[in-house]
Amino acid sequence: MGKNGYLPLFETRPARGLVFFRSYAASIFIGICFICFHRVSYFPVTERWVWVGMFVAELWFSFYFFITVIVKWNPVFRCTFKDRLSSRFEEEELLGVDIFVCTADPRLEPPTMVVSTVLSVMAYDYPPHKLSVYLSDDGCSDLTFYALLEASGFAQLWLPFCRKLKVEPTSPEAYFQTTPEPVDDAFMANEWLIIKKTYEDMRIRIESMTRLGKVPADIRKEHKGFDEWDFVVSRHDHPSILQILIDGRDPNAIDTEGKALPTLVYLAREKRPQIHHNFKAGALNALIRISSRISNAPFILNVDCDMHSNNSKAIRDALCFFLDEDNGHEIAYVQYPQTFGNLTKNEIYGSLRVVMKLELAGFDGNGGPCYIGTGCVHRRESLCGMKYSKELIVESKAMKYDRKIIEKASSIEENCKALASCTYEENTPWGKEMGVKYGCVVEDILTGICIQSRGWRSVYLTPQREAFLGMVPTTLLDTLVQHKRWAEGDFQIFLSKHCPFVYGCQNMPLKLQLSYCIYLFWVPNCFATLYYVFVPSFCLLKGISLFPKISSSWGIPYLYVIVVHRVQSLVEFVWLGGTVRGWLNEQRMWMFKRTTSYFFAAIDNILKLWGFRSQPSSSPAKWPMTI
Ligand SMILES: O=c1ccn([C@@H]2O[C@H](COP(=O)(O)OP(=O)(O)O[C@H]3O[C@H](CO)[C@@H](O)[C@H](O)[C@H]3O)[C@@H](O)[C@H]2O)c(=O)[nH]1
Ligand SMILES: [Mn+2]
């Protein structure tokens, strides 16, 4: 029972088996002490510097080990009580949720995939008139717009179908790929086939249009929205395009069963070649402003366009945290893990398994997970830059979120365009104190740090049925480039004024500040690794030994630390559901990343620090053409 006599809407459970991990950590610590003692007391007369280098690398590894222990010391797992939420709040009392989907290039992110994601989030098990879906198209593509237009029609069939069959996942593409036709009910089977056929037809139309590369004139005539493309010079040079495809307040916006549809909005913010557009962060900020004028829901879910909803209850789950009477008011965001639908059996290029299943739960135990850019439900106030305070909550409870002035969709479109213009943010706090932060390639981590530094907490939720399924890069090069970008951005945060030890020192618990180092220190990890990879091997060739003989008792701590450390990693990986081969692949990827991605990230960081590179140095890997 909570403080005020309410039953809580969520529960926090500590991980089990911690005693094993803690004893392992203590034993490694003792091993490290022996190694240090050996390095100091057996200082050689010749090759001193090589020895010192080894010692420094080992000190670094020990420090990094210490950080991982802090992260994994006290992981917590959350579970929600959705039935209590439903019994406490009538459907009508549930608060609005705005859903932001970002896309940037129709060639790399096919419109069929984008609309499947959009349809998946439109079909959440949540009152549809409380949902508004916004698609930000940084590619300003009429093909994507056409696809969304098609989807807005298909939604009229898809949403009732999802309700009736309790469809899961609600992405039509994923659903028809994974679910066989229902055989026991002839009526249902027939309906199933009709919907599947309608979906396939739509997909074929979108795909052939995408192949064609342009929307034919006769289709352009069908919707006034296409006229906006008359003013588009290129994707880097065009005015804002804002189209409300479904206006949820319109009584005619209903599905085939007569139930309301969620609002659906298309936005391509203004771009001009001479003005920096700040990539995804810029897109999200434009969406925050535009949505505040259209639906202004108190909660915002944001997803990448390649990450469809896999669990139609995810919004209700997240609301269990925000609406909890006792502890909900201090929560700024609920982060879901990034899980992937396109992994190979043994996760050949890695899968972030340990990060997503364990480390972020550890962050949660230490004060709150970082924000990882997608699959995250934010409280609008905290995302917009407000500081946490008890008074704020009382105020916001009293505030009505629904817009009072009922404006016509067409006039909203005209009036709101200015909010997405590329000069709107000049001399405003947007990107600095307000909204998603600019100037960093990992805008998500930076934004999360800033939110937590303003006194807010966050929670990490890993429901049994994964909330979202996304895509991992499918080639080695793409993976290494993605990690180079993450590592560079993370280290840049460490060197900046937003370093958690400086910026977060007042409001973040010390263990959370330290936890961040596990990612912020990917870059410096490369130096110790490169040293350890190269120097002992060269020394071996010259006959110089840098380790004690295996027969000597000083060999034991080295052997113990190296072997037990890896065994623990293997056990952990398998315990988290991975395979032994998957672990071997992960080990290989770690070596690749530490010797290439992180090293190149280090060089870029250094160049930037010395002023040879302007900020931000690299655009997200896939988007060299969007600069
Ligand atoms: O100018 C741009 C560039 C990208 N995007 C969108 O941003 C998302 C992420 O971009 P992607 O190239 O897929 O980057 P990833 O490395 O896969 O992204 C991971 O890392 C990013 C930076 O840390 C986070 O923002 C993402 O959520 C996280 O999935 C995609 O939906 C893009 O459409 C834009 O909207 N505008
Ligand atoms: Mn991605």
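Values for this structure:
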| read-out | value |
| --- | --- |
| Peptides 577-588, 490-501 ordered by average Cβ neighbours within 10 Å, highest first | 490-501, 577-588 |
| Formal net charge of residues neighbouring Phe340 (Cβ-Cβ distance under 11 Å; K, R +1; D, E -1) | -2 |
| Taking the convex hull of Cα positions in region 538-594, its mean projected area over all directions (nm²) | 5.4 |
| Summed residue charge, Cβ within 10 Å of Asp125's Cβ, Lys/Arg positive, Asp/Glu negative | +4 |
| Span-like helix ranges in the chain, DSSP H, alpha carbon extent 20 angstrom or more, Kyte mean at least 0.5 | 18-41, 48-72, 142-165, 279-294, 522-541, 555-575 |
| Nearby aspartates and glutamates by direct alpha-carbon distance to Lys408 (threshold 14 angstrom, same-chain neighbours under 8 apart not counted) | Asp247, Asp250 |
| Proximal aspartates and glutamates to Lys593, defined as alpha-carbon separation beneath 18 angstrom and excluding residues fewer than eight positions away on the same chain | Glu347, Asp478, Glu488, Asp490, Asp604 |
| Semi-axis lengths, Å, the chain, gyration tensor of Cα atoms, sqrt of 5 times eigenvalues | 45, 27, 25 |
| In nm, spacing of pseudo-spin labels at Glu222 and Gln464 (7 Å Cα→C-beta vector) | 4.3 |
| Shape category assigned to region 453-541 from the gyration tensor of Cα positions, a/c cut at 1.5 | oblate |
| Share, in percent, of DSSP beta bridges within the chain that are antiparallel, nearest 5 | 50 |
| Met113 - accessible surface, heavy atoms, 1.4 Å probe, Å² rounded to 10 | 40 |
| Ranked packing of 242-253, 135-146, most packed first, by mean Cβ within 10 Å | 135-146, 242-253 |
| Cut-off under 5 Å, modelled amide H: who pairs with Cys422 long-range | Glu270 |
| Cα→Cβ-extended label distance, 7 Å offset, between Asn327 and Ser27, nm | 3.3 |
| Members of Lys130/Lys417; Lys197/Lys221; Lys280/Lys417; Lys357/Lys608 lying beyond 29 Å, as alpha-carbon distances in this model show | Lys357/Lys608 |
| Charge dipole magnitude, Cβ of K and R +1, D and E -1 - the chain, Cα centre, debye nearest 20 | 2140 |
| Apportionment of accessible area to carbon and sulfur, region 1-108, percent (1.4 Å) | 67 |
| Convex hull of region 484-614 built on C-alpha atoms - directionally averaged projected area, nm² | 11.6 |
| Nearest-0.05 FRET efficiency for Asn190 and Asp250, computed from C-beta distance (R0 30 Å) | 0.45 |
| Set of aspartates and glutamates with alpha-carbon distance to Lys345 below 14 Å, sequence-local pairs under 8 removed | Glu586 |
| Local electrostatic count, Pro216, Cβ distance below 12 Å [Lys/Arg +1, Asp/Glu -1] | +1 |
| Alpha carbon centroid spacing (whole Å) that separates region 487-564 from region 292-332 | 37 |
| For the chain: accessible area per residue (Å², 1.4 Å) | 45 |
| Leading residue at positive end of dipole, region 46-178 (Cβ point charges), from Leu94, Met54, Ser132 | Met54 |
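The values are calculated or read from the model by the stated rules, or taken from the named source; none is laboratory data. It should be emphasised that the depicted structure is a prediction, and the values quoted were computed from it without experimental measurement. Ideal geometry is used to build each Cβ from the backbone, glycine not excepted, and the neighbour counts take in all protein chains shown. Note: accessible area is taken over every heavy atom of the protein model, side chains too, but ligands, DNA and RNA are not part of it. Shrake-Rupley method; radii C 1.70, N 1.55, O 1.52, S 1.80 Å.
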